[in-house]
Amino acid sequence: MTTGLTPSPEDFRAETAAAAPANAAPAPLFTDPVFDGPTDPTVVHDPATGLWHLYYTQRRANQPDAGVAWVHGTEIGRATSPDGREWTYTGTVAGLGAAPGDTWWAPEILRHGDQWHMYVTYLEGVREDWSGPAEIRHYTSGDLDAWTYRSTLAVDSERAIDATVHRLPNGKRRMWFKDERRESRIYAADSEDLFAWTPAGPAVTDQAQEGPTVFALGGVYWMVTDGWAGLLVHRSTDLEHWHRQPVPLLAGPGRRAFDEALGHHAMALTQGPDEAFLYYFTHPGGGRRSTVQVARLHVREGWLRCDRDEHFDYRPDPARTDALRGGAA
């Protein structure tokens, strides 16, 4: 237990443990022990080991860098868990190449057959502003440990970031990403084999946004993006035409530990056809520091709902997890 002016996550967990049900989601779910700045979380299950894996952008939140340099020079952090609740930090992803001090953001990780695919944003060096080129790089792995570079995606933009991938009804895969060259709108690319990608044009262009995650829930498809004033929600029946939900998610403060700020850049892990877990990050206190949180998603009256204060039964189940994320569903 800490005794300083700023309580630790352990302090908050101890104070709220008595009030929350035994299987309620831990809050926060994860904090980075090195730089105190985990963002852009992705969670998958490894059927070979039975472990859950959390990958994230390891922002250097506790470094006194000028401008937004602390958001650059970042690596991809890793943690594992036997149950998705208690996480052990395991360092950073090795073997991505490029030079030390380069920038890696927003890992998207999925499984196809016995192979894992990572689509990750790469920027050269460290920058004090948000300018300059960015690209999405593709890596594969057989064990979620050793990664092999495959290609830099040709998606018709020199400023493409934040990839997410989902199956189309015709069996192809579609990737959605933020195109900073085109006013930070969401664009798409298609692939037959997860290796060669062809630009598919604009997808969601109603406003600037980033960090898309796409998933099926309640019989329809959803895209959740970070609109910097809560998480924007778009609904689709075919993954081609998207309709905006009028009410964003996580736009109001939460009451759980370190969850009092806006939710940012989320990833949805479906648990069967009617429930999903939403992993997101917050900036508690409004500073650089960030934490990873999890909340429950469900569909009610045709809208995607998320009550970040709900003490829900949180125990991710591989049998209910989409095969895309290493599950059996």
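Every read-out reported here was derived from the displayed coordinates using simple, explicitly stated rules and does not represent laboratory data. The model shown is predicted, which means the values in this text are computed figures rather than measured ones. Glycine also receives a Cβ, built like all others from the backbone with ideal geometry; neighbour counts cover every protein chain displayed.
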### Message
Looking at the chain as a GNM with Cα springs under 10 Å, which of 230, 286, 211 has the largest mean-square fluctuation?
### Response
286
### Task
Please list, in chain and number order, the residues 5+ apart from residue 20 or on another chain whose amide H is under 5 Å from its amide H, with Hs placed from the backbone.
none
### Charge sum, other residues only, whose C-beta stays under 11 Å from residue 141's C-beta, Lys/Arg counted +1 and Asp/Glu -1
-2
### Task
With θ set to phi - 60°, apply the Karplus curve 6.51 cos²θ - 1.76 cosθ + 1.60 along the range 212-218 and write out the HN-Hα couplings as whole Hz, x wherever there is a Gly or Pro.
x, 10, 10, 7, 9, 7, x
### Query
Of the labelled options [x] 1.10; [y] 0.93; [z] 1.00, which one gives Rg/Rh (Cα atoms, Kirkwood Rh) as computed for this structure?
[y]
### Query
Which whole-Hz couplings ³J(HN,Hα) result when phi for each residue of the range 66-81 is put into the Karplus expression 6.51 cos²θ - 1.76 cosθ + 1.60, θ = phi - 60°, listed in order with x for Gly and Pro?
6, x, 10, 4, 5, 8, 10, x, 8, 10, 9, x, 9, 8, 10, 8
### Positive minus negative residues near residue 48 (Lys, Arg vs Asp, Glu; Cβ under 11 Å)
-3
## Note on the structure
Length-normalised contact order of the range 209-329, Cα under 8 Å, at least 6 apart, in percent, tallies to 19
## Note on the structure
Quick shape check on the range 155-245: root eigenvalues a ≥ b ≥ c of the Cα gyration tensor, a/c under 1.5 is rounded, otherwise prolate if a/b tops b/c, else oblate, and it reads oblate
### Query
If you add up the charges near residue 83, with Lys and Arg at +1 and Asp and Glu at -1, over every other residue whose beta carbon is less than 15 angstrom from its beta carbon, what do you get?
-1
### Query
For the chain, what relative contact order do you get, as a whole percent, if you take Cα pairs closer than 8 Å and at least 6 residues apart?
16
